[in-house]
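The values are calculated or read from the model by the stated rules, or taken from the named source; none is laboratory data. This is a predicted model, so every value here is computed, not measured. Positions of Cβ are generated from backbone atoms using ideal geometry, with glycine treated the same way; all protein chains shown enter the neighbour counts.
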Amino acid sequence: MHGSESSFDVMINGSVKADALDISEGGMFIHTSTPYPEGSELRLSFTPFPGSSPVNVLARVQFLHAGLAIGVIFLNLDEMDSAMIKKLVEDSLKDSGTAADGVAVDTRKKVLIADASPPARMMAKNTLMLKGFAVIEAENGVDALKAVKAGRPDLIIFDSMMEGMDGEKFMHMLRSNEECKDIKVVLMSGNVNPEVVAKLAAFGVAAILTKMTTTPKKLAEKVEEILGKND
């Protein structure tokens, strides 16, 4: 696969196309704006590539994040189909860049997501990976700074309302490092106070978004606007 297109299609009940990632031993996390009720059974169809025969799976909705995603568990899935679906997901996340000696290289732009909420990180991560970005995670400001030091990201998405290190403190520490002064940052904030926003904007951030109203899709669109698409 190259760029932002997934190498397979996922259809729900034969009519709704969705993106799926984070397959586990018995289920999958699926991005869809359609609010399928918890407990409902769905027919999932996975097509490896255009023209190939689909793999059909019955699944039950375990949890619903209205307007964003659902978590499902597979029903009556045999070992062969489970292995096939897992391979499809893994292959869809591989980058197609190859060095001159034939060794695969990761040419994707790297995004660091720093958020204390695992579900929030997962939804943002899945959406960005489907757009072709490499994603690393941090659950707090300290870990985010360590991640930056370990490998410079092209963009940082930081929840400015996290305990221990808010957006202002994080930006101050990040910008105090000469090598990090030009790293692009998107701050997710729940505080729309003009004075707070002005303080954060003074650090030269790429964008300040309202966390409660910014869906993973809108966030991905903003990232593409800032970094460009992985075509």
Exactly one of Ala206, Ala198 is of a type in the set (Gly, Ala, Ser), out of contact with any Gly (no Cβ under 9 Å at 6 or more places or on another chain) and buried (at least 16 other Cβ atoms within 10 Å of the Cβ), and that one is Ala206
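Listed here are the residues, each with its yes/no results for (1) more than 27 Å from Ile70 (Cβ to Cβ); (2) among the β-branched types (Val, Ile, Thr).
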position	(1), (2)
Cys180	yes, no
Ile183	yes, yes
Leu200	yes, no
Ala220	no, no
Ile226	yes, yes
Return a yes/no flag: does the stretch 24-35 have any residue that is modelled with pLDDT of 80 or more, more than 29 Å from Gly228 (Cβ to Cβ) and assigned to a strand (DSSP E or B). no
Exception for Gly164 within (1) of a type outside the set (D, E, K, R); (2) at pLDDT 95 or above; (3) farther than 11 Å from Ile113 by Cα falls at (2)
The residue that is nearest to the chain's Cα centre (by Cα), considering only those in the stretch 170-214 that are farther than 16 Å from Leu155 by Cα and basic (Lys, Arg), is Lys211
Looking at (1) over 14 Å from Lys110 (Cα atoms); (2) among the hydrophobic types (A, V, I, L, M, F, W, C); (3) touching a strand residue (DSSP E or B) at 6+ places or on another chain (Cβ under 7 Å), which is the one condition that is false for Ala198? (3)
Can you tell me which residue within the stretch 8-23, out of those that are in a strand (DSSP E or B) and modelled with pLDDT of 65 or more, is surrounded by the fewest Cβ atoms within 10 Å (Cβ to Cβ)? Lys17
